[in-house]
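Accompanying notes for the structure given below.
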Amino acid sequence: MFEEAQLYSPVTTGEDGTVTVHLSADHPGRNDPAYRERRNAIAAQALTWTAGETPPVIDYLDSEQEVWRTVQRELAIKHEKYACRAFRDAAHRLNLPQDRIPQLAEVTEALQPLTGFRYVPAAGIVPVKEFYGALADREFHSTQYIRHSSAPLYTPEPDLIHEVIGHGNLLADPQFAEINRLAGEAARRSETDAGVQFVADVFWFTIEFGVVYEGDELCAYGAGILSSYGEIEEFRAMNIRPLDFHAMGTIDYDITHYQDTLFAAPSMEGLVQEVCGFFAGFDDDTPARLVAHAGTADDLAKPTTAPGLLPNSAITQYPTTPRTTASPDHTPTIRSRPG
């Protein structure tokens, strides 16, 4: 299963108050003392933050600014080719700076008038229920560090570039913001770890790695794809399956590799209705209903209407029948989740 701790480098505080970010052995900055010191300092600033305060202001280095400029320049080209229209339009409205790294307070200032979301700092790992539950309050926990300058187009963990270019642009769209909010409410409603985990796994295959058809063209909306210079070029060649929430919540996947199985919505309208419907109707019994009612035409979620969706549309009731998987000659290779 997806675990938040698998994504971020652990952060510890010693008895003397020293904050240490523990980079993995293959991290590009592992053997760079200056980078490690920098990561420790930025994490320490995040740990001093308390709710209601303005996020810490980071004095970014010239090398970090250059990484931001490089990624913004290169991804802008990819987004025009591969991102769904809603993402591109939202990015235009949010209008992130191209030539410098924005502070989290700046991101919030631009984002709140659009969808009400705000950014708050995270040193690294945020407990899974806290992270998803905060989305219900339109609050997004974001790291503030920048990937190592030796590999500007690669990061083994979510940095500010992923959090802001990937998620920030997505959150500037009212419909994607609503999906995030409903996912947060679903996690907050859940009273079991298994329930929260199921929400997190469906979130992974939608908000992080979701794809959608625009006419005959497959486009990306997932923040994980749209913030990855490499993966954005490869997603159309993956095993593409129709939306299937049971499969999303149970399939094995490896977060350290490109995702080889993706779930595509048939259209933007279908995406909003089905994914919002899933999160709006989710409770701890939903996974069992997905299994028990497989092969029937019964509805899996409680009847519900979620505000802020497409005009004059209620949440659609989604079918219990698992969608068709890959054809026999294209069986996906599923990697085990680490840890």
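The values are calculated or read from the model by the stated rules, or taken from the named source; none is laboratory data. Not measured: the values here are computed from a predicted model. Here Cβ is always computed from backbone atoms with ideal geometry, including for glycine, and neighbour counts include all displayed protein chains. Please note that ligands, DNA and RNA were not included when accessible areas were found on the heavy atoms of the full protein model with its side chains. Shrake-Rupley method; radii C 1.70, N 1.55, O 1.52, S 1.80 Å.
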The one condition Glu4 fails out of (1) modelled with pLDDT of 95 or more; (2) out of contact with any Lys or Arg (no Cβ under 8 Å at 6 or more places or on another chain); (3) among the acidic types (Asp, Glu) is (1)
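Specify which of the listed residues (Asp193, Asp260, Asp201) is farther than 24 Å from Glu74 by Cα and out of contact with any helix residue (DSSP H, G or I) (no Cβ under 7 Å at 6 or more places or on another chain).
Values: Asp260 fails: farther than 24 Å from Glu74 by Cα; Asp201 fails: out of contact with any helix residue (DSSP H, G or I) (no Cβ under 7 Å at 6 or more places or on another chain).
Answer to the check: Asp193.
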Residue hits (region 253-287; at pLDDT below 95, open to solvent by 40 Å² or more (accessible area, probe 1.4 Å) and touching an Asp or Glu at 6+ places or on another chain (Cβ under 8 Å)) are Tyr258
Notebook entry, point to check: Mind checking whether some residue in region 9-28 is open to solvent by 50 Å² or more (accessible area, probe 1.4 Å), in a strand (DSSP E or B) and of a type outside the set (A, V, I, L, M, F, W, C)?
Noted result: yes
Of the residues in region 135-144 that are open to solvent by 10 Å² or more (accessible area, probe 1.4 Å) and either within 16 Å of Leu23 (Cα to Cα) or touching a residue at least 24 places away in the same chain (Cβ under 8 Å) (or both), the one that is farthest from the chain's Cα centre (by Cα) is Asp137
Residue hits (region 62-94; open to solvent by 90 Å² or more (accessible area, probe 1.4 Å) and under 22 Å from the mean Cα position of the chain (by Cα)) are Arg73, Ile77, Glu80, Lys81, Arg85, His92, Arg93
Taking region 95-115 and keeping residues in a helix (DSSP H, G or I), of a type in the set (A, V, I, L, M, F, W, C) and surrounded by fewer than 21 Cβ atoms within 10 Å (Cβ to Cβ) leaves Ala105, Ala110, Leu114
Inset, instruction - Kindly indicate whether any position in region 51-61 is assigned to a helix (DSSP H, G or I), open to solvent by 80 Å² or more (accessible area, probe 1.4 Å) and of a type outside the set (Gly, Ala, Ser). - result: no
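Which of the residues spanning region 125-134 are under 22 Å from Ala105 (Cβ atoms) and open to solvent by 20 Å² or more (accessible area, probe 1.4 Å)?
First, pick out the residues of region 125-134 that are under 22 Å from Ala105 (Cβ atoms): 126, 130-131, 134.
The answer is Glu130, and nothing else.
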